[in-house]
Amino acid sequence: MPGAYQLDIVGESERLEVAARQRMEDWRRQAVRFTAAYPGAVYTNGPDAAKVALTFDDGPDSAVTHHIAEILTQYGLKGSFFFVGSQVTRFPEIVQAVHEGGHLVGNHSYRHPRLTELAPEAVQSELEETQEAIQAAIGRTPALFRPPFGSANPTVIEAARRLGCATVLWSLDTLDWLQKEEAHIRLNVDRHVRGGEIILMHSSAGCTETAKAMPRLVESLLKRGLAVAGLDELLGIAAYRESAG
């Protein structure tokens with residue numbers, strides 16, 4: 001089981017102030033505790049194997065998301081994209097293209113709030129609206145969910161579970177949301193990557209450096225003998241819910 005092999009959550013940036021770094025480290029410890037407390041429902045990494053998953057939050061947008069997906073397709077690899085529902089309704093054609101390229105589409109809430117600050121019914125609505133938006137775009141309903149900011153608590157985890165979704169966090173943060181330079185993104189991966197890693201990046205507008213980093217980042221992983229897999233393959237779980245009929 002993936003939970004038997006637990007990685008610490010890593011990734012660094014020189015631009016984090018002391019207080020922000022402490023908050024990040026506190027969150028990382030909490031995320032690992034949630035993984036242990038909810039086996040099979042919360043994941044921060046996959047099993048101890050020569051395989052990693054590249055995951056991308058906050059899309060779709062009009063350009064970056066599709067660019068990243070195309071690069072992965074050119075290498076014959078599968079990425080895992082966690083999409084914001086309100087953006088899905090704006091760019092359904094991008095969601096369709098990502099899905100048709102063989103990549104996974106997961107739920108990243110509808111409006112990208114900090115879900116732990118919402119009432120339970122509002123959390124449920126955020127997830128349900130996104131499920132519906134993705135279903136309308138690609139004809140499939142996600143079974144993978146990632147909370148914005150990684151902000152989870154039992155209410156959030158249970159809301160996802162009620163919709164048939166596993167909550168997927170990460171074990172390696174490239175911090176491309178803070179220190180956007182291509183070289184820094186690649187350095188975080190090269191310096192820290194381990195077997196079973198779930199690597200966090202972003203595909204929203206403005207993440208052009210993330211897209212720029214992809215070819216050399218992927219080539220470095222492959223040279224290390226690490227396969228790049230979708231989260232379904234890495235974790236051994238379904239990416240989509242089965243149709244009712």
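Readers should treat all values here as calculations from the given coordinates under stated rules, not as data from a laboratory. This one's a predicted model, so the numbers in the text were calculated from it and none came from an experiment. Glycine also receives a Cβ, built like all others from the backbone with ideal geometry; neighbour counts cover every protein chain displayed.
For the reader, a short list of remarks on this structure follows.
- Net charge dipole, the chain: roughly 420 debye, given to the nearest 20, about the Cα centre with Cβ charges of +1 for Lys and Arg and -1 for Asp and Glu.
- Phi-derived couplings, Karplus 6.51 cos²θ - 1.76 cosθ + 1.60 at θ = phi - 60°, listed residue by residue for segment 40-57: x, 10, 10, 10, 10, 7, x, x, 6, 8, 7, 8, 9, 10, 9, 10, 9, 9 Hz, with x used for Gly and Pro.
- Think of the chain as having a plus end and a minus end, set by charges on the Cβ of Lys, Arg, Asp and Glu; of ALA239, PRO47, TRP27, PRO47 sits farthest toward the positive end of this dipole.
- Between the listed residues ILE94, PHE83, LEU169, the Cα displaced farthest toward the positive end of the dipole of segment 2-235, a dipole computed from Cβ unit charges relative to the Cα centre, is found at LEU169.
- The chain: most fluctuating residue of LEU235, LEU118, LEU226 per GNM, C-alpha cutoff 10 Å: LEU118
- Each residue of segment 230-235 was assigned a 3J(HN,Hα) from its phi angle through the Karplus curve 6.51 cos²θ - 1.76 cosθ + 1.60 (θ = phi - 60°); the sequence is x, 4, 4, 6, 4, 8 Hz, with glycine and proline shown as x.
- Annotation: extensible slack from TYR5 through GLU158 equals 52.8 nm (criterion: 0.36 nm per residue apart, minus Cα-Cα distance).
- The GNM of the chain, with springs linking C-alpha atoms under 10 angstrom apart, assigns the highest mean-square fluctuation among ARG29, ARG140, ARG186 to ARG29.
- Charge-dipole axis of the chain as Lys and Arg at +1 and Asp and Glu at -1 on Cβ define it, positive-most pick from THR208, ALA4, VAL189: ALA4
- Within the chain, percent of DSSP bridges classed antiparallel, to nearest 5: 5 percent
- Spatial separation of Cα centroids for segment 1-51 and segment 87-162, in angstrom: 21 Å
- Spatially close Lys pairs in segment 2-235, defined by Cα atoms under 21 Å apart and a spacing of eight or more places or different chains, total 6.
- Of all stretches in the chain that contain no GluC sites (Glu not before Pro) in a DSSP loop with at most 11 other Cβ atoms within 10 Å, the longest one is 18-241.
- Hz values of 3J(HN,Hα) by residue in segment 139-153 - Karplus curve (6.51, -1.76, 1.60), Gly and Pro given as x: x, 9, 10, x, 10, 10, 9, 10, x, x, 6, x, 7, 10, 8
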